[in-house]
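S.K.: I have a structure I would like to understand better, so I am pasting it below and will then ask my questions one at a time.
The values are calculated or read from the model by the stated rules, or taken from the named source; none is laboratory data. Quick caveat, the model's predicted, so the values are computed rather than measured. Ideal geometry is used to build each Cβ from the backbone, glycine not excepted, and the neighbour counts take in all protein chains shown. The area values use the complete protein model at the heavy-atom level, side chains included, leaving out ligands, DNA and RNA. Shrake-Rupley method; radii C 1.70, N 1.55, O 1.52, S 1.80 Å.
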Amino acid sequence: MSIINPLITIRPVMTPAQAATPAEGRQYDLQAGQLVNATVAEGGHSEVLLDLDRQRLRAQTQTPLQTGQKLRLLVVENKPQLVLRLFQDNLLERLTHTVHLLEGKYELSSALQQLTSSQGTGKNLPEKVLQKLLDFFSPFRTESPEALSGKELQLLARHLGLTLEADLARGPSAVEPANLKSLLLSTVQTGGEQQPETVEKAEQLLQKLELFQLCNLRLARQGANLLPLPLPFLDNGYLVAEKETGNAPEQQTARKVSLYLSLQGLGDLRIDLLQEAEGLFVRFTCDSGDKTEFLSAQESELRSMLTTLPLCGATYCSDKGPLQTDLIRRILEDEDELFDARI
């Protein structure tokens with residue numbers, strides 16, 4: 001898939017009075033290289049009216065535009081004539097083609113078994129490194145969540161390979177050798193030595209890891225980070241962590257974590273956790289009222305399980321829409337930057 005910005009320009013059409021005005025008299029308060037948002041006030045195939053930065057401009061375009069379309073425009077020239085180019089967020093464009101994969105289960109356990117047992121796979125990573133990778137993911141393959149600790153979750157991103165490129169940029173010594181992405185890349189590159197189904201599985205997992213990395217690039221704008229939760233008791237699961245700093249310097253940083261879960265037997269569930277100085281606040285959002293009542297009845301058990309932080313408050317609500325959509329909407333929150341004229 002090409003991710004090169006299309007060279008599409010939009011040139012203003014001036015009235016005779018405007019044309020008679022010297023170039024220096026036509027001020028748009030725009031600088032070359034600036035990015036601006038615009039709305040198509042009147043669509044057309046070759047001539048449109050743009051509502052741009054509190055100004056209305058009649059423009060010529062090489063691309064048909066529809067009334068009401070939201071555009072992201074790059075100022076190519078600001079004199080003697082204003083020249084704009086449609087600017088596409090390549091990251092956002094790539095995400096729109098793959099973000100639906102967030103709804104699929106992350107088959108880590110079966111994938112690791114297949115990758116490590118296939119003939120020739122052992123050559124892709126040194127034996128000690130491969131064993132370290134298997135040992136690290138061992139708690140994630142058990143049915144009981146008690147086998148997991150915060151330490152494993154803290155190191156999960158590195159062992160999945162979500163930080164691989166960033167670590168490489170800091171230097172080879174910063175890279176965690178036992179990471180899943182390196183194994184997948186090696187498996188795909190040596191595809192001729194592998195079983196076809198092994199290579200196919202590696203390509204699918206690699207696509208998902210790269211999707212998680214793209215999501216984190218988007219969420220970084222919000223000061224947030226996504227972590228997949230490849231746990232056997234979840235059909236699907238993601239953790240989104242963020243920090244919020246108070247306006248006053250003396251205010252402590254509040255830490256927010258949102259869990260987007262699809263649990264076996266309970267269905268979709270979103271858990272929002274907010275840690276403040278006095279303790280923990282939790283909000284549960286289910287996909288039905290019956291599940292909300294069930295969870296609220298278990299609050300005493302929840303309080304007894306929390307030992308590090310006191311539970312200051314818990315709220316329960318329901319949302320009949322697909323809860324995974326909330327996560328996708330959050331990742332694509334700047335969707336008005338995407339030029340999409342599909343019908």
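S.K.: When all protein chains stay in place, what accessible area (Å², nearest 10, 1.4 Å probe) is found for HIS100?
M.R.: 100
S.K.: How long are the semi-axes of the ellipsoid equivalent to region 132-291, from square roots of 5 times the Cα gyration tensor eigenvalues, in whole Å, largest first? Could you put the intermediate results ahead of the total?
M.R.: Values: eigenvalues 192, 95, 42 Å².
The answer is 31, 22, 14 Å, longest axis first.
S.K.: How high is the FRET efficiency from MET305 to GLU47, r the C-beta distance, R0 41 Å, rounded to 0.05?
M.R.: Working: r = 65 Å, r/R0 = 1.59.
For R0 = 41 Å, the calculated efficiency reads 0.05.
S.K.: Okay, next question. Return the distance in nm (one decimal) between the two label points of a simple spin-label model at ALA174 and LEU263, each offset 7 Å from Cα along Cα→Cβ.
M.R.: Between ALA174 and LEU263, the simple spin-label model gives 3.8 nm.
S.K.: What distance in nm lies between label points placed 7 Å from Cα along the C-beta direction at LEU91 and GLU165?
M.R.: 1.0
S.K.: Hey, what's region 90-222 come to in accessible area per residue, 1.4 Å probe, Å²? Present the calculation step by step, with values, prior to reporting the outcome.
M.R.: Values: 6730 Å² over 133 residues.
Ligands and nucleic acids excluded, the result is 51 Å² per residue.
S.K.: For region 253-334, what is the accessible area per residue in Å², given a 1.4 Å probe and the full set of protein chains? Write down the numbers at each step before the final one.
M.R.: Details: 4480 Å² over 82 residues.
Normalised by residue count, the accessible surface of region 253-334 is 55 Å².
S.K.: Please turn the phi angles of region 230-235 into ³J(HN,Hα) values with the Karplus equation 6.51 cos²θ - 1.76 cosθ + 1.60 (θ = phi - 60°), one per residue in order, whole Hz, x for glycine and proline.
M.R.: x, 10, x, 8, 10, 6
S.K.: Carbon and sulfur atoms: what percent of the 1.4 Å accessible area of region 253-334 do they account for? Kindly include the intermediate steps, with their values, before the conclusion.
M.R.: Details: 2390 of 4480 Å².
After summing per-atom areas, the C and S share lands at 53 percent.
S.K.: What's the ranking of 226-234, 38-46 by average number of surrounding C-beta atoms within 10 Å, highest first? Write out the running numbers ahead of the final one.
M.R.: Working: 226-234: 19.7, 38-46: 15.6.
Ranked from most to least packed, the peptides come out as 226-234, 38-46.
S.K.: Which peptide among 73-81, 305-313 comes first, and what is the full order, when sorted by highest mean count of other Cβ atoms within 10 Å? Display every interim value, and only then the final one.
M.R.: Working: 73-81: 15.4, 305-313: 10.7.
Order by mean packing, descending: 73-81, 305-313.
S.K.: Sticking with this structure for a sec: Considering Cα pairs under 8 angstrom that are at least six residues apart, work out the relative contact order of region 90-222 and quote it in whole percent.
M.R.: Values: 93 pairs, mean separation 44.2, N = 133.
Relative contact order for region 90-222 comes out at 33 percent.
S.K.: Roughly what percent of Cα-Cα pairs across region 90-222 reach past 26 Å?
M.R.: Numbers: 2098 of 8778 pairs.
Cα-Cα pairs in region 90-222 separated by more than 26 Å: 24 percent.
S.K.: May I pose another question? Would you give the gap between the C-alpha center of region 259-327 and the C-alpha center of region 53-112, rounded to a whole Å?
M.R.: With region 259-327 and region 53-112 each reduced to a Cα centre, they are spaced 35 Å.
S.K.: With every atom except the alpha carbons ignored, what do you get for Rg and Dmax of region 253-334, in angstroms?
M.R.: Final numbers for Rg and Dmax: 13.5, 41 Å.
S.K.: To the nearest 10 square angstrom, how much accessible area does ASP272 have with a 1.4 angstrom probe?
M.R.: 20
S.K.: Just the number, please: carbon plus sulfur as a percent of the accessible area of region 155-235, 1.4 Å probe, no ligands or DNA/RNA counted.
M.R.: Within region 155-235, the accessible surface is 55 percent carbon and sulfur.
S.K.: Express in nm, to one decimal, how much length is gained between GLN66 and ARG283 on full extension, taking 0.36 nm for each residue of separation and deducting their alpha carbon distance.
M.R.: Working: separation 217, 0.36 × 217 = 78.12 nm, distance 4.10 nm.
Extra length available between GLN66 and ARG283 comes to 74.0 nm.
S.K.: Take the residue pairs LYS208/LYS256; LYS201/LYS256; LYS151/LYS201; LYS105/LYS201; LYS208/LYS291 and return only those whose Cα atoms are more than 23 Å apart.
M.R.: Working: LYS208/LYS256 25 Å; LYS201/LYS256 34 Å; LYS151/LYS201 28 Å; LYS105/LYS201 13 Å; LYS208/LYS291 30 Å.
Listed pairs above 23 Å: LYS208/LYS256; LYS201/LYS256; LYS151/LYS201; LYS208/LYS291.
S.K.: A further question on this structure: Compute the length gained on full extension between VAL76 and GLU107: take 0.36 nm times their separation in residues and subtract their Cα-Cα distance, giving the result in nm to one decimal. Before the final figure, lay out each step's value.
M.R.: On the way: separation 31, 0.36 × 31 = 11.16 nm, distance 4.64 nm.
Gain on stretching VAL76 to GLU107: 6.5 nm.
S.K.: Using a Förster distance of 41 angstrom, determine the FRET efficiency expected from the C-beta separation of THR39 and GLU127, and round it to 0.05.
M.R.: Working: r = 59 Å, r/R0 = 1.45.
Using R0 = 41 Å, I get an efficiency of 0.10.
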